[in-house]
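Participant: Mind having a look at this structure? Questions to follow.
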Amino acid sequence: MNKRVRTLGVVIMCLYAALFVKLNLVQVFQAESLNDRPDNTRSLQRDFNRPRGDIVTSDGAVVATSEARRAALRYQRVYPKAELYAHTTGFFSFTLGSAGVERTYNDELSGRTPSLRLRELTGLFQEDSSAGTVVLTLQDKVQSVARQALAGRTGSVVAVDPRDGSVLAMYSNPTYDPNAVSNNDAAAARRTKDLLDASPEKPLLARSYQDRFFPGSTFKIVTAAAGLTSGKVTETAPSYPVVTSYTPPLTTRPIRNFGNKPCGGTLFVIFDRSCNSSFAQMASEQLGPEPMVAAARSAGFDKVPPIDLTRPVASTYPTDFGPVVRTSPDGVPIHADTPRLAQTAIGQNDVAATPLQMALVAAGVANGGSVMRPHVMAEVRAADGAVVDKYAAGEWTRFVTPEVADVLRRAMLSDVAQGTATGLQLSGADVGAKTGTAQLGTEPPTSHAWMVAFAGPTGQPASVAVAVLIERVPGASDQTGGRVAGPVARAVIQAALGRS
Amino acid sequence: MRTATPELVTPAEFVRRRRRTTELGLLVLAGLIIGGAYALASLGRNSSLPADVGLFLMGIFGLVVAAHLAVRRFAPAADALFLPLAALLNGLGYVFISRLDTDLAAKQLGWTLVGIGLFVLTLAVVRDIRVLQRYRYTFGLIGFVLLVLPLVPGIGRNINGSRIWVAIGPVSFQPGEFAKIALAIFFAGYLMDRRELLGTATFRVGPFNVPHPRYFGPVLLAWGLSLVVMIFQKDLGSALLFFVLFVVMLWAATGRASYLVAGGVLFGAGAFASWGAFSHVQTRVSVWLDPWADPSGKGYQIIQSAYALAWGGTTGTGIGLGISGRIPYQETDFIFAIIGEELGLLGATVVLCTFLLLAGSGLRVARVAGETFEGLLAIGLTTLLAVQAFIIVAGVTRLLPLTGVTLPFVSYGGSSLVANYVLLALLVRISATVDQRPPRPVSG
């Protein structure tokens, strides 16, 4: 009997050992994957039952806060600025999840980062919240001006500081009211979300960094960068023929200049006048695909920008131009798709860019060729105001060498001084720009009106780079971009330079 | 101090007094742990110490000291571990129930009083454990009647899909909780009578020497009984428990492994047949295999349990700081998941270890008792306790398909708590009885 008792004891031990092993699996080894399962709303419920940190602009405007409610969920997320910051803050809904800063900085806002937790530990037993306040790089005055200047038109405004990648303003239309989507009343929130999802305007989509458009002539900055980097194009040579249109090899379809005007000359001249013929010739016969692809890549195309927001998309530039058919007189390979290459040189065909990307191109030019990582978080503060985290700025991609950047910068300054972007001239400031009018091939003609620019006090490094896009405006002349998008860019630059 | 004059006490008396002192010390320790947990639970929920923490501590100490004095009076030679371990589990369970539902906690407090009352009463009435052996058939009958009582029309109640409740007037209880103790007594008595016969292999079936089919009757009876429970009461956990109890006791009494094999085969066949025949059994199995096939329906409970355990991690969220209200039956069958969430792997392991220690103490008593009625009964009662805890924890952690039984002493539930205190009193009584005998040479 003793032996049997011992055997029974061993069996019971084994059973409990199995329980212990299983507990370890569930509570330790699989814990993270269980916590992260989409149908596991535990972390969310906890977040809704305690105060959440505010989101404020760098000039102190509160754009998201939590209000106590006497309800099952004890806090309701509220956005005092309604739709103005929707595409940056995103929303924070119990049933619909979250987006934007609410999502990317959820740990900070809910006080779950190690540094915030440490602070909470020192104040144990206090009602004091560990929730952190996220301070944005965005400035309320610039953002407000952007909305005002856009005046309800469909489009986007992005303003960044070229020196560190801080996003100063980012607004796009149409937008939505995050208050409605974040409503703790699940049914009401769902109704709003369904309406927004069904809208053909796609208001939930941030056109500034989640959608792509033909960049049109603004892409000529990248084409010029490819030419300058290859060494085949300089400020003085070559001088492109003054023609009304250019027909690339292997096709009979010409690429026309705006209004069929004769256009040509050296780099600054063709840049100021935005000569389609010259840039198309440069790309197809002088450079070939490789330098073009390399320049686009260096500018950030085909890479998702590392911005601290949800679901940013990469701008795209084609990489495959078909087999080599022959060689141009300059010794450049002519590919089967060289006609397409010629069109991409002027920002048409398969090129597509987010407004954010085009702002970063201007920023790269203004910052000596270096594109800094774009970001919307400036710092995180604890409840007592102490800074617990700061965004560490750094280079995202090197667009061009400082030497090439200097040439491009002067080309853009020249465009404002005497080219298509004269509307951006500001006293006491160095402003460089490139206009764009991306024809959409519709009848009557419509186009995306673009303006990308940088600006800074005279003689000082540029402190703001902007991209303005106004979609599907009537008309398609070389003046469209400057005329339509120019005033918006001007207003935003003035606000960013503190001159409104 | 009486112990200051050792020449006046016998060595046995000295051991007894030391045991009782140990028990008191451990009880105070358990009381302090429970009081601390109670205060932490309140801090976690309201960020303030409970107003009644002093009262609570006094209440705990009052209860455990009463039980302790009863042991001192009626079973002075008893093992020192049983009562403190049960008190720890009971108290911990109470803290979690009060953290989840204050109304239920008030009732549970009442049941604890009744439980400890019956514990004392059992110790007082059952002075000689062998008296029970004399009434083995009576207990067998009582056990059988209690077991099938819920099936009687008029008093049986279907609650949550199981027909395991009986309501007579205002009182409703689960007779199955008491039936298992009565049946353990019956089995122990019956098997002591028949172990010679049952242990003799006279009949060959294939490679096995088995006892004559005539003596197999009781096995088949127990099997049939557990099938009845499984089929008509839809109580898979209790069916499993009864069957394990009987097979283990049969094997312990006779030493014939063929009973274990036969029992396993029979249970497997019964389980397989009921899996094929009953949709609720199929549901349990499919939910066990893949709860995420129906995450908001049939799999909801077990998924939420896994989420609770995972949320707790190694150290837990802290008592009162977990997210409750997600798991159906969190105060009864699933209380272990809440403990795992708020006390983490460490706390859950402590609970498991407490049950292991209880089982160890029970088996130690059985070993000392040897081949006697009380030894067999100790094995049966220990098996009941250890296996019941295993079945529910395995279900909650998805080690095995979920079969709803309570976690002894911890879960909310009057019948379960009171019955387990009676069970504990019997173990305490046996431990006190065997100790009074002259020590025997220990051999395999």
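The values are calculated or read from the model by the stated rules, or taken from the named source; none is laboratory data. Since the structure is predicted, the reported quantities are computational estimates derived from the model, not experimental observations. As a convention, Cβ positions derive from the backbone with ideal geometry for all residues, glycine included, and neighbour counts pool all protein chains shown. To get the accessible areas, we keep the full protein, side chains included, count just its heavy atoms, and leave off ligands, DNA and RNA. Shrake-Rupley method; radii C 1.70, N 1.55, O 1.52, S 1.80 Å.
Participant: So, in the stretch B:387-426, how many residues would count as being within 14 Å of another protein chain (Cβ to nearest Cβ), among the aliphatic types (A, V, I, L, M) and either open to solvent by less than 10 Å² (accessible area, probe 1.4 Å) or touching a residue at least 40 places away in the same chain (Cβ under 8 Å) (or both)?
Facilitator: Looking only at that region, the number is 10.
Participant: Now, a different point. Does B:G316 satisfy being facing chain A (nearest Cβ under 10 Å), crowded, with 24+ Cβ neighbours inside 10 Å and either within 22 Å of the chain's Cα centre (by Cα) or at positive phi (or both)?
Facilitator: No.
Participant: Quick one: in the stretch A:245-280, which of the residues that are aliphatic (A, V, I, L, M) and under 29 Å from A:V325 (Cβ atoms) is surrounded by the fewest Cβ atoms within 10 Å (Cβ to Cβ)?
Facilitator: A:L250
Participant: Considering only the stretch A:278-301, I want to know if a residue exists there that is in a loop (DSSP other than H, G, I, E, B) and over 15 Å from A:S230 (Cα atoms).
Facilitator: The answer is yes, given that some residue of the stretch A:278-301 is in a loop (DSSP other than H, G, I, E, B) and over 15 Å from A:S230 (Cα atoms).
Participant: Within the stretch A:395-416, which residues are open to solvent by less than 60 Å² (accessible area, probe 1.4 Å) and either part of a helix (DSSP H, G or I) or without any contact (Cβ under 8 Å) to a residue 60 or more places away in the chain (or both)?
Facilitator: Hits for the stretch A:395-416 are A:V404, A:A405, A:V407, A:L408, A:A411, A:M412, A:L413, A:S414, A:D415, A:V416.
Participant: Any idea how many residues of the stretch B:116-152 are crowded, with 19+ Cβ neighbours inside 10 Å and among the hydroxyl-bearing types (S, T, Y)?
Facilitator: Summing the residues that are crowded, with 19+ Cβ neighbours inside 10 Å and among the hydroxyl-bearing types (S, T, Y) in the stretch B:116-152 gives 1.
Participant: Right, another one. With the checklist (1) more than 9 Å from every other protein chain (Cβ to nearest Cβ); (2) modelled with pLDDT of 95 or more; (3) open to solvent by less than 10 Å² (accessible area, probe 1.4 Å) in hand, flag the one item B:E342 doesn't pass.
Facilitator: Exception for B:E342: condition (2).
Participant: Quick check: is even one residue across the stretch B:222-242 at pLDDT 85 or above and β-branched (V, I, T)?
Facilitator: No, because not a single residue in the stretch B:222-242 is at pLDDT 85 or above and β-branched (V, I, T).
Participant: Looking only at the stretch A:21-39, count every residue that is open to solvent by 40 Å² or more (accessible area, probe 1.4 Å) and of a type in the set (S, T, N, Q) and tell me the total.
Facilitator: Qualifying residue count for the region: 3.
Participant: Now a separate question. Could you count how many residues in the stretch B:286-300 are open to solvent by less than 40 Å² (accessible area, probe 1.4 Å) and either in a helix (DSSP H, G or I) or modelled with pLDDT of 90 or more (or both)?
Facilitator: The number of residues fulfilling the criteria is 2.
Participant: Another question about this same structure. For the stretch B:348-368, name all the residues that are in contact with a Ser or Thr (Cβ under 9 Å, 6 or more places away or on another chain) and more than 10 Å from chain A (Cβ to nearest Cβ).
Facilitator: Of everything in the stretch B:348-368, those that are in contact with a Ser or Thr (Cβ under 9 Å, 6 or more places away or on another chain) and more than 10 Å from chain A (Cβ to nearest Cβ) turn out to be B:L358, B:S361.
Participant: Separate question: Could you list, in sequence order, the residues of the stretch A:1-42 that are more than 7 Å from every other protein chain (Cβ to nearest Cβ), more than 27 Å from B:S296 (Cα to Cα) and among the basic types (K, R)?
Facilitator: Of everything in the stretch A:1-42, just one residue is more than 7 Å from every other protein chain (Cβ to nearest Cβ), more than 27 Å from B:S296 (Cα to Cα) and among the basic types (K, R), namely A:R6.
Participant: Can you name every residue in the stretch B:28-72 that is closer than 21 Å to B:G322 by Cβ, touching a Leu at 6+ places or on another chain (Cβ under 8 Å), aliphatic (A, V, I, L, M) and without any contact (Cβ under 8 Å) to a residue 60 or more places away in the chain?
Facilitator: Within the stretch B:28-72, B:I33, B:A39, B:L49 meet the criteria.
Participant: What are the pairs, 6+ residues apart or on separate chains, where a residue within the stretch B:296-310 that is touching a residue at least 40 places away in the same chain (Cβ under 8 Å) and more than 8 Å from every other protein chain (Cβ to nearest Cβ) has its Cβ under 7 Å from a residue that is in a helix (DSSP H, G or I) and surrounded by fewer than 23 Cβ atoms within 10 Å (Cβ to Cβ)?
Facilitator: Short answer, once both residue conditions are applied: B:I302/B:V287; B:I302/B:P291.
Participant: Suppose the filter is surrounded by fewer than 24 Cβ atoms within 10 Å (Cβ to Cβ), more than 14 Å from chain A (Cβ to nearest Cβ) and not in a loop (DSSP other than H, G, I, E, B); does B:A432 pass it?
Facilitator: Spelling it out, B:A432 is indeed surrounded by fewer than 24 Cβ atoms within 10 Å (Cβ to Cβ), more than 14 Å from chain A (Cβ to nearest Cβ) and not in a loop (DSSP other than H, G, I, E, B).
Participant: Same structure again: Just wondering, is there one or more residues in the stretch A:75-86 that are over 24 Å from B:G340 (Cα atoms), over 30 Å from the mean Cα position of the chain (by Cα) and in contact (Cβ under 8 Å) with a residue 12 or more places away in the chain?
Facilitator: Yes, there is a match, as at least one residue in the stretch A:75-86 is over 24 Å from B:G340 (Cα atoms), over 30 Å from the mean Cα position of the chain (by Cα) and in contact (Cβ under 8 Å) with a residue 12 or more places away in the chain.
Participant: OK, next. Determine if the stretch B:435-443 includes at least one residue that is open to solvent by less than 10 Å² (accessible area, probe 1.4 Å) and either at pLDDT below 95 or over 24 Å from B:R134 (Cβ atoms) (or both).
Facilitator: No: zero hits.
Participant: Any residue in the stretch A:104-118 that's touching a residue at least 40 places away in the same chain (Cβ under 8 Å): show its pairings with residues that are assigned to a helix (DSSP H, G or I) at Cβ separation under 6 Å, as long as the two are six or more apart or on different chains.
Facilitator: Note: pairs meeting the criteria are A:S110/A:D47; A:T113/A:D107.
Participant: Which condition from (1) in contact (Cβ under 8 Å) with a residue 40 or more places away in the chain; (2) more than 23 Å from B:T403 (Cβ to Cβ); (3) touching a Phe, Trp or Tyr at 6+ places or on another chain (Cβ under 9 Å) is the one that B:T138 breaks?
Facilitator: (1)
Participant: So A:Q439 clears everything in (1) among the polar types (S, T, N, Q); (2) closer than 24 Å to A:D140 by Cβ; (3) over 20 Å from the mean Cα position of the chain (by Cα) except one condition, right? Which one?
Facilitator: Going through the list (1) among the polar types (S, T, N, Q); (2) closer than 24 Å to A:D140 by Cβ; (3) over 20 Å from the mean Cα position of the chain (by Cα), A:Q439 breaks only (2).
Participant: Now for a different question. State yes or no: is B:G276 farther than 28 Å from A:R6 by Cα and open to solvent by 20 Å² or more (accessible area, probe 1.4 Å)?
Facilitator: Considered against the rule, which asks whether it is farther than 28 Å from A:R6 by Cα and open to solvent by 20 Å² or more (accessible area, probe 1.4 Å), B:G276 comes out as yes.
Participant: What single numbered condition from (1) surrounded by 16 or more Cβ atoms within 10 Å (Cβ to Cβ); (2) at the interface with chain A (Cβ under 9 Å from one of its Cβ atoms) fails to hold for B:E371?
Facilitator: (1)
Participant: So which residues in the stretch B:323-339 are crowded, with 21+ Cβ neighbours inside 10 Å and more than 9 Å from chain A (Cβ to nearest Cβ), if there are any at all?
Facilitator: Passing the criteria: B:I327, B:Q330, B:E331, B:D333, B:F334, B:I335, B:F336, B:A337, B:I338, B:I339.
Participant: So, one more: Restricting attention to the stretch A:463-473, report how many residues are open to solvent by 10 Å² or more (accessible area, probe 1.4 Å) and aliphatic (A, V, I, L, M).
Facilitator: 1
Participant: Among the residues of the stretch B:152-172, is any part of a helix (DSSP H, G or I) and closer than 22 Å to B:T383 by Cβ?
Facilitator: no
Participant: Can you find even one residue in the stretch B:245-257 that is more than 11 Å from chain A (Cβ to nearest Cβ), open to solvent by 10 Å² or more (accessible area, probe 1.4 Å) and under 24 Å from the mean Cα position of the chain (by Cα)?
Facilitator: So far as the stretch B:245-257 goes, yes, one or more of its residues are more than 11 Å from chain A (Cβ to nearest Cβ), open to solvent by 10 Å² or more (accessible area, probe 1.4 Å) and under 24 Å from the mean Cα position of the chain (by Cα).
Participant: Now for a different question. Before we move on, is B:S48 more than 24 Å from B:T433 (Cβ to Cβ), assigned to a helix (DSSP H, G or I) and polar (S, T, N, Q)?
Facilitator: Here the answer is no, as B:S48 does not meet what is asked.
Participant: I've got another one for you. Of the residues that sit in the stretch A:73-100 and are basic (K, R) and in contact with a strand residue (DSSP E or B) (Cβ under 6 Å, 6 or more places away or on another chain), which one is surrounded by the fewest Cβ atoms within 10 Å (Cβ to Cβ)?
Facilitator: A:K81
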